[in-house]
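K.L.:
Just passing along the structure, written as structure tokens.
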Amino acid sequence: MLFLLAPGAVFAQNCTTAKLRIVAQDSSGNVLPGVAVSIEGGSRSAAVSVTNTQGIAEFDNLNCGVWTVNGAKDGFRDVRGNQFQITGGPNAQLDLILTPLVMHQKVDVRDTAPLVSQTSSPTEQLHPNEVKDLPFRPVTVSDALPLAPGVTRQDDEIKIGGVGEHRSAFVVNQVDVTDPATGRFGQTIPIDSVETVAVLNTPFLAQYGNFTSGVVAVETRRGGDSWHAELNDPLPDFRWRSWHMRGIRDSTPRVLSSGPLIRQRLFFISALQYGLVKKSERTLGFPFNESKQESVNSFSQLDYVASERQLLTASFHLSPQHTNFINPEYFNPQPVTPSYAQHNYVATLSDHLGVGQGTLSSTISIQRFDANIGAQGNQEMVLTPVGNRGNYFSRQIREAGRDQWLEVWSPGQIERAGRHELKFGASLTYLDNSGQVTNRPIDILDTTGQLLRRIDFTSGQPFRLTDSEAAAFAQDHWTVSPRLAFDVGGRVVRQNIARTVRMAPRTGISWVPFSSGRTVIRGGFGIFFDRVPLSVYTFASMPQRIVTTYGPDGGIVGDPVTDVNVLGAGGTNYDLVRGLHAPGGFAPHAGTWNIQVEQRVSRLFKIRAAYTDSRSTGLVVLEPQTVETDQLLLRGGGRSIYRQAEITGRFEWKDGQQLFLTYTRGRAQGSLNDFSGFLGNFPSPLIRPSVYSHLPADLPNRVLAWGRVNLPQGVQFLPMIEFRSGFPYARVNAIGDYVGTPYGDGARFPNYLAVDSRILKDVKVNTKYTLRFSMSGFNLTNHFNALSVHANTADPQYGIFFGNYHLRYRADFDVLF
């Protein structure tokens, strides 16, 4: 029961409460770290604290009587002068609810309350102040994502639930910022400009759409009330080999500045990163083992407080990038690798207006995603069992964009059979994609140099596609009682180019079974629909393959086969979709359920156990057909299954110290010929038969631990440990066809173990400047973590794992002012 306590009589001096716990939350029930909380009572001196990452501030040994609480945080209205009464007992709890500057302030006090968020869609939140000092020094949002359970990185792509980025949603301040052509995340915003990163594997809230795997929701932070600046990694890192300096390895200076342009009215924050990175690959020899990337990543935001009921926000993200030699490795040395250049920007303008007791948020976003994929030369690509040579076979020029208008209305709380927090939203999106793909021939040779197969290509046609999407959602967070709440909602989407209408209902429950409030049981079920990237509809414009097979004598076997690119239909019937049977009528969807138990063992330790089951159908896959005519059929007949059991514990104590430990056991299976392998930035040179098996990112077991511990003399120790099963791989023969079941449990890399740590110390030069010195160590156990394997049965070294990053150290320093 939620109520406000009026001032009462002061009890005797011998009436005390051992501990007062204040939990700071926003109006949606999300915990708020970094809230400055003070309490005072009469002539008693004020006590001050700051909420930790769980939104909790605690005060000890308080006398009974009337107290006043104050709370403040950037971006929210201050809570001032709210009174509450302590009547004795060992513990008391107060919920402090802060609202954005455009909404009414409110403080709710409840006698007994859960110590964890009461929502059916829990998130794994990553806070920059917790993760950006870890040994691997994440500088963008995507760098930090593998710290969340169920999230890994493979081949420079984030995998959520064992599948690629194109099946997950990435939103910044509620705006979709994925590449409309490929569905990939691209270069994400600097982590220095982020307030929180939330990873939702099972978001049963209808406000989230365009995914079947997971959601990454980023909230940026506002400039502070005083000016602050940081200069990180100001000096380049030099490469040392045999005690001799061999040039610059990388240079990654980062600058952050924030503060008020007009006091209490106009706030500014800007994060600027420059990167010159030469990433080495241990399966090749120096100096021909590097991928060279130069990039600029800039995010700026202005927040204008027009009035107590209106906040205007404008942001601009600019991220040009050029990479030469994409992922060189033993089987694809530098000349065989593609090059990549992009020039992307996202401009967003938002208006948050208080209407009645609620808020109306209006957002307009304009985005461009231009890409140029090239090769190192004009030679034909040559594939052999022992390694490839020549140049990459495909070139691509692409210009894509998204214009989006989003309206979200939260009418405020409604008291009827409990408390209802409603939210309604609608969006209109215009997308476009234009460009052209050209391919050069591919030769497949055996170990003796004998030509086995040749793949020629017809000329690709220029393409220009446009699409529009309309979506609407409604959701209700219904708090029946302080111990029981439901999330109910639905989402309707029409994607014009797919000519489909999709309806996605979702529901969830959150239950606090015991009066202590320390245990929360959550569960839910939802239907989720993927967006269909525009690259899918360029398939008919792609170059067609002409395959010629050669015999042992060098003569042609049969006639050359031309594979015609055919766009198929959406697959089987599904009651929640209209329009599946038309060509291109794709609607990839997933039915996902989850159950979770969260237990706060003490004020320092919290543990969570969860199980998730997700089954996807209607996935867009490429299937070679030879029944009547030879063709490559792109149709919505793919499927996948992902199951994950998770146990996560978080131990926190004073001064921001914490340890995070998680174990996940998962299984990811599905159709291997996902469209992204053939219509993405770097298409595969070979097209194999469609097979259902373990996915390449399948990880049966993974243990991850990281944290921060304060040592004497102001030294901070940041350990990070990861142990996991090896990724599976596919065995192939001389012409590149699968041998046996690809990506089975019998063909896995060895188990992976990485023990890293970082030690840092801040040295204050004067009142304005602080220097931060640090030393990091990587793979401290010097464990053999294989990077590659000879997987071709015709390779004389078949079955041998090789490549490894040995124990290494790194020193750096930052400037804070």
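The values are calculated or read from the model by the stated rules, or taken from the named source; none is laboratory data. No experiment lies behind these values; they were computed from the predicted model shown. Backbone-built Cβ (ideal geometry, glycine too); neighbour counts: all protein chains shown. Heavy atoms of the whole protein, side chains included, go into the accessibility calculation; ligands, DNA and RNA do not. Shrake-Rupley method; radii C 1.70, N 1.55, O 1.52, S 1.80 Å.
K.L.:
Set Lys and Arg Cβ to +1 and Asp and Glu Cβ to -1, take the dipole of the chain about its Cα centre, and tell me which of Ile56, Ala747, Gly356 lies farthest positive.
P.N.:
Ile56
K.L.:
Through the Karplus equation 6.51 cos²θ - 1.76 cosθ + 1.60, θ set to phi - 60°, convert the phi angles of the stretch 395-405 into ³J(HN,Hα) values in whole Hz; use x for Gly and Pro.
P.N.:
With the stated coefficients, the stretch 395-405 comes to 10, 8, 10, 9, 10, 10, x, 9, 10, 9, 10 Hz.
K.L.:
Could I ask something else about it? Amide H to amide H under 5 Å from Ala730: which residues, 5+ apart in sequence or cross-chain, H placed 1.01 Å off N in plane?
P.N.:
Sorted by chain and number, the residues that satisfy this are Tyr743.
K.L.:
Within the P(r) computed for the stretch 299-432, what percentage of the Cα pairs occupies the region above 26 Å? Write out the running numbers ahead of the final one.
P.N.:
On the way: 4639 of 8911 pairs.
Percent of Cα pairs beyond 26 Å in the stretch 299-432: 52.
K.L.:
Separate question: Taking just the alpha-carbon atoms of the stretch 419-500, what radius of gyration and Dmax come out, in angstrom?
P.N.:
25.8, 75
K.L.:
Something else now. May I ask which of Lys73/Lys132; Lys19/Lys761; Lys292/Lys764; Lys132/Lys768 have a Cα-Cα span longer than 24 Å here? Before the final figure, lay out each step's value.
P.N.:
Values: Lys73/Lys132 21 Å; Lys19/Lys761 33 Å; Lys292/Lys764 36 Å; Lys132/Lys768 22 Å.
Lys19/Lys761; Lys292/Lys764, as the Cα separations exceed 24 Å there.
K.L.:
Another question, then. With every protein chain present, what accessible area does Ile556 have (1.4 Å probe, heavy atoms only), rounded to the nearest 10 Å²?
P.N.:
Answer for Ile556: close to 100 Å² accessible.
K.L.:
Still on this model: With a 1.4 Å probe and all protein chains left in place, how much accessible area per residue does the chain have, in Å²?
P.N.:
On the way: 33740 Å² over 817 residues.
Computed with neighbouring chains in place, this is 41 Å² per residue.
K.L.:
Can you give me the solvent accessible area of Lys278 with a 1.4 Å probe, rounded to the nearest 10 Å²?
P.N.:
For Lys278, solvent-accessible area is about 60 Å².
K.L.:
With Rg/Rh (Cα atoms, Kirkwood Rh) as the read-out, I listed [x] 0.98; [y] 1.00; [z] 1.09; which label goes with the value calculated from this structure?
P.N.:
[x]
K.L.:
So what is the relative contact order of the chain, in percent, for Cα pairs below 8 Å that sit 6 or more residues apart?
P.N.:
Values: 2424 pairs, mean separation 71.9, N = 817.
In percent, rounded to a whole number, it is 9.
K.L.:
Quote the Stokes-Einstein diffusion coefficient, in whole µm² s⁻¹, for the stretch 195-290, based on the Kirkwood radius over alpha carbon pairs, a temperature of 4 °C and a viscosity of 1.567 mPa s.
P.N.:
On the way: Rh = 17.7 Å.
Calculated translational D: 73 µm²/s.
K.L.:
Oh, and also: Looking at the stretch 709-816, what % of the alpha carbon pairs are farther apart than 17 Å? Each step should come with its number before you reach the end.
P.N.:
On the way: 3836 of 5778 pairs.
So the portion of pairs separated by more than 17 Å is 66 percent.
K.L.:
Karplus couplings for the stretch 679-692 from phi (6.51 cos²θ - 1.76 cosθ + 1.60, θ = phi - 60°), rounded to Hz, Gly and Pro as x?
P.N.:
10, x, 5, 10, x, 6, x, 10, 10, 9, x, 5, 10, 9
K.L.:
Now, a different point. Distance from the Cα centre of the stretch 597-643 to that of the stretch 130-205, in angstrom?
P.N.:
Here the answer is 18 Å between Cα centres.
K.L.:
Could you look at the chain and say what percent of its accessible area is carbon and sulfur, using a 1.4 Å probe and all protein chains? Please report the intermediate quantities before stating the final value.
P.N.:
On the way: 19300 of 33740 Å².
Carbon plus sulfur share of accessible area: 57 percent.
K.L.:
Given H placed 1.01 Å from N in the peptide plane, which residues other than close sequence neighbours of Gln379 have an amide H under 5 Å from its amide H?
P.N.:
So Gln379 has HN proximity to Asn391.
K.L.:
Additional query: Report D for the stretch 360-429 in µm² per second (integer): Stokes-Einstein, Kirkwood Rh on Cα pairs, 37 °C, 0.692 mPa s.
P.N.:
Numbers: Rh = 17.3 Å.
The Stokes-Einstein estimate is 189 µm²/s.
K.L.:
If the only charges are +1 at each Lys and Arg Cβ and -1 at each Asp and Glu Cβ, what is the size of the charge dipole of the stretch 668-779 around the Cα centre, to the nearest 20 debye? Could the numbers behind the result be given before it?
P.N.:
Working: 11 positive and 7 negative charges, 133 e Å.
Magnitude of the dipole: close to 640 debye.
K.L.:
Under a point spin-label approximation (7 Å from Cα along Cα-to-Cβ), what is the Gln713-Glu407 distance to one decimal in nm?
P.N.:
6.3 nm
K.L.:
Another one. Of Ile326, Phe170, Ala485, which is farthest on the positive side of the dipole of the chain, counting Cα position, with +1 on Lys and Arg Cβ, -1 on Asp and Glu Cβ, and the Cα centre as origin?
P.N.:
Of the listed residues, the answer is Ala485.
K.L.:
Moving on. What is the dipole size for the chain, taken about its Cα centre, with +1 at each Lys and Arg Cβ and -1 at each Asp and Glu Cβ, in debye to the nearest 20? The partial results should precede the final answer.
P.N.:
Values: 76 positive and 72 negative charges, 282 e Å.
Here the chain has a charge dipole of around 1360 debye.
K.L.:
Sequence-distant or interchain residues sharing an amide H contact under 5 Å with Arg239, placed H: which?
P.N.:
The list, which skips near neighbours in sequence, is Arg246, Gly247, Ile248, Arg249.
K.L.:
Any idea which of Tyr574, Gly591, Leu534 is furthest toward the positive side of the dipole for the stretch 450-608, if Lys and Arg beta-carbons carry +1 and Asp and Glu beta-carbons -1?
P.N.:
Gly591
K.L.:
May I pose another question? Given the stretch 268-365, what whole percent of its Cα pairs are spread farther than 19 Å? Could the numbers behind the result be given before it?
P.N.:
Details: 2853 of 4753 pairs.
Here the long-distance tail beyond 19 Å is 60 percent of all Cα pairs in the stretch 268-365.
K.L.:
On to the next question. Taking every pair of Cα atoms in the stretch 649-710, average 1/r, invert it to obtain the Kirkwood radius, and report Rg/Rh to two decimals. Don't skip to the end; give the middle numbers.
P.N.:
Working: Rg = 19.3 Å, Rh = 15.2 Å.
Answer for the stretch 649-710: 1.27.
K.L.:
Per-residue HN-Hα couplings for the stretch 159-167, Karplus 6.51 cos²θ - 1.76 cosθ + 1.60 at θ = phi - 60°, whole Hz, x for Gly and Pro?
P.N.:
10, 10, x, x, 10, x, 4, 5, 9
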